[in-house]
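The values are calculated or read from the model by the stated rules, or taken from the named source; none is laboratory data. Since we're looking at a predicted model, the values are computed, not measured. Because the Cβ atoms are built from the backbone with ideal geometry, glycine has one as well, and the counts that use them run over all protein chains shown.
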Amino acid sequence: MKLFKIPENTTISPLGMPRYKEGGPEAVLLIHGFTGIAQEFYYLFDRIADEGYTVSLPRLPGHGTNIQDFKASTAADWLRRVTDEYLLLKTRYEKIHVAGLSMGGLLALILAEEFTPDSLTVMAPAISIRNKGVHLSAWLKHIIPHVKGDWTPEKERDELRREHGKEYWTRNYTGKVAEMMKLRKRALKNLSHIDSRILTIVSEGDKTVSPDALNIIESGVRSSVKEHLVLKESPHVLVNGCDKEEVADRLIGWFKQE
């Protein structure tokens, strides 16, 4: 991370604040997505914590602050952050469950390839992205630093989300997309290393990730226990969408399986 590029007055938005709650001997690591914020996981966090689990929701470097900070972060920074958190939890707790959304799903897959958590959940994993232009990002970053996003402030009622969106969602930075694609490449390359029981959740209403991510993952891993949930209308951030209760119920039930 190139710290000299981060403005001195950088602070973390209230929406980007990480959370940690001590609970029982089983821990759950939740991983948010690319340009995402911790706040999107707060409902799921609370539901899992209420079941007596220890829950950790870290903030990925460069997220929840400002665009200069984001542009100074890399795939290596994001992976290092969740690896450190996983190792901390593994040192302190009997069982570890890992669950990630979108790019967080890629990070969760990589953790499972390396460490074999007790369970793995990937939600709308960025394995099969609808916009095929992302595959050109490593080349485009040298020519087009950013492209217009499909987000507008009018979509948000909350002032804090409007401010966050202006920083992160009005433009898609090709260099940072290329960093995410590095994670995708690594996750895909080593899918066959995954032994953890795995739950994959996708949505037909997701405009970012195609539901065929489910087939890619289930045919690629060597896990003996594979389950999935296909939602109909949930948006990409399905942990905070119209089916968030069903998602939380399924995850909690999944953690309780042996």
Flagged in the range 129-147 as among the small types (Gly, Ala, Ser) and buried (at least 17 other Cβ atoms within 10 Å of the Cβ), in numbering order, are Ser137
Among (1) surrounded by fewer than 16 Cβ atoms within 10 Å (Cβ to Cβ); (2) in a helix (DSSP H, G or I); (3) charged (D, E, K, R), Asp150 falls short only on (2)
Only one of Ser203, Ser196 is more than 17 Å from the chain's Cα centre (by Cα), on the phi < 0 side of the Ramachandran plot, crowded, with 19+ Cβ neighbours inside 10 Å and not aromatic (Phe, Trp, Tyr), namely Ser196
Of the residues in the range 217-230 that are in contact with a strand residue (DSSP E or B) (Cβ under 8 Å, 6 or more places away or on another chain) and either of a type in the set (A, V, I, L, M) or part of a helix (DSSP H, G or I) (or both), the one that is farthest from Arg47 (Cα to Cα) is Val221
Residues of the range 60-79 being among the aliphatic types (A, V, I, L, M) and either touching a Phe, Trp or Tyr at 6+ places or on another chain (Cβ under 7 Å) or modelled with pLDDT of 95 or more (or both), in sequence order, are Leu60, Ile67, Ala75, Ala76, Leu79
Checked against (1) exposed (fewer than 15 other Cβ atoms within 10 Å of the Cβ); (2) at positive phi, Glu114 satisfies every condition except (2)
Flagged pairs (Cβ under 9 angstrom, 6 or more apart or on separate chains; first in the range 145-168, touching a residue at least 40 places away in the same chain (Cβ under 8 Å); second in a loop (DSSP other than H, G, I, E, B) and aromatic (Phe, Trp, Tyr)) are Tyr168/Trp151
Within the range 50-71, of all residues that are hydrophobic (A, V, I, L, M, F, W, C) and buried (at least 19 other Cβ atoms within 10 Å of the Cβ), the one farthest from Lys182 (Cα to Cα) is Val55
The residue that is surrounded by the most Cβ atoms within 10 Å (Cβ to Cβ), considering only those in the range 158-180 that are in a helix (DSSP H, G or I) and basic (Lys, Arg), is Lys176
Restricted to the range 181-212 and to residues being in a helix (DSSP H, G or I) and basic (Lys, Arg), the residue nearest to Thr74 (Cα to Cα) is Lys182
Counting only residues in the range 231-248 that are in contact (Cβ under 8 Å) with a residue 40 or more places away in the chain and assigned to a helix (DSSP H, G or I), the one nearest to Leu15 (Cα to Cα) is identified as Asn240
Residue count, the range 122-161, condition of a type in the set (Val, Ile, Thr), touching a helix residue (DSSP H, G or I) at 6+ places or on another chain (Cβ under 6 Å) and closer than 19 Å to Val230 by Cα, comes to 2
When (1) free of Cβ contacts under 8 Å to residues at least 60 places away in the same chain; (2) among the β-branched types (Val, Ile, Thr); (3) crowded, with 17+ Cβ neighbours inside 10 Å are applied to Ile96, the one that fails is (1)
